[in-house]
Amino acid sequence: MEEAFRALLQGSAAVTAHLPARAINWGAHPQGMGYPALIITLISEAEGLTMMGPDGLSEARLQVDCYAPTARGAKELARAVRGTLHGYRGGGFRLITHVASRDSRSGTTNEAERPFRSSLDFITAWRAEHA
């Protein structure tokens, strides 16, 4: 699921209009690479069960942090991400749903170096295509 989620973002013309595909990463932003950037974090994941055992359908909560040098840049990137993912069905994804958003700043104590962040949470329903 993780590879497919990242590939979906990297393949979106709306998203890559704001940043290069290599700036979309899991867990951390590579040191020395500038902004804008997307950082994806798996918050939770659980596989469904039936009385017969696992059913192969997993539900996950993913956080996508959209970083940019300006608040407007972070918000525009977040809108592109949301437009790409919210309501998406395809491949192993049965449905991706946007469920929460928040804005903030993070980073170093040097105000000029602190990027703006717009965070989006998504719930995914995923089943491997050949499961």
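Structural remarks
- Test: residue 62 is within 15 Å of residue 9 (Cβ to Cβ), open to solvent by less than 50 Å² (accessible area, probe 1.4 Å), modelled with pLDDT of 95 or more and under 16 Å from the mean Cα position of the chain (by Cα): yes
- Only residues that are more than 22 Å from residue 127 (Cβ to Cβ), outside any loop (DSSP other than H, G, I, E, B) and either open to solvent by 60 Å² or more (accessible area, probe 1.4 Å) or touching a Gly at 6+ places or on another chain (Cβ under 7 Å) (or both) were counted across the stretch 1-34, and they come to 3.
For (1) of a type in the set (A, V, I, L, M); (2) modelled with pLDDT of 95 or more; (3) out of contact with any Cys (no Cβ under 8 Å at 6 or more places or on another chain), each residue gets a yes or a no:
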| site | (1), (2), (3) |
| --- | --- |
| 76 | no, yes, yes |
| 97 | no, yes, yes |
| 106 | no, no, yes |
| 113 | no, no, yes |
| 126 | no, no, yes |
| 131 | yes, no, yes |
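- The one condition in (1) assigned to a helix (DSSP H, G or I); (2) under 11 Å from the mean Cα position of the chain (by Cα); (3) buried (at least 20 other Cβ atoms within 10 Å of the Cβ) that residue 38 fails to fulfil: (1)
- Test: residue in the stretch 65-73 that is charged (D, E, K, R), open to solvent by 30 Å² or more (accessible area, probe 1.4 Å) and out of contact with any strand residue (DSSP E or B) (no Cβ under 7 Å at 6 or more places or on another chain): yes
The values are calculated or read from the model by the stated rules, or taken from the named source; none is laboratory data. From a predicted model like this one, the values you see are computed outputs, not experimental measurements. Virtual Cβ from ideal backbone geometry, glycine too; neighbours counted across all protein chains shown. Ligands, DNA and RNA are stripped out before the accessible areas are found, and what is left, the full protein with its side chains, is counted by its heavy atoms. Shrake-Rupley method; radii C 1.70, N 1.55, O 1.52, S 1.80 Å.
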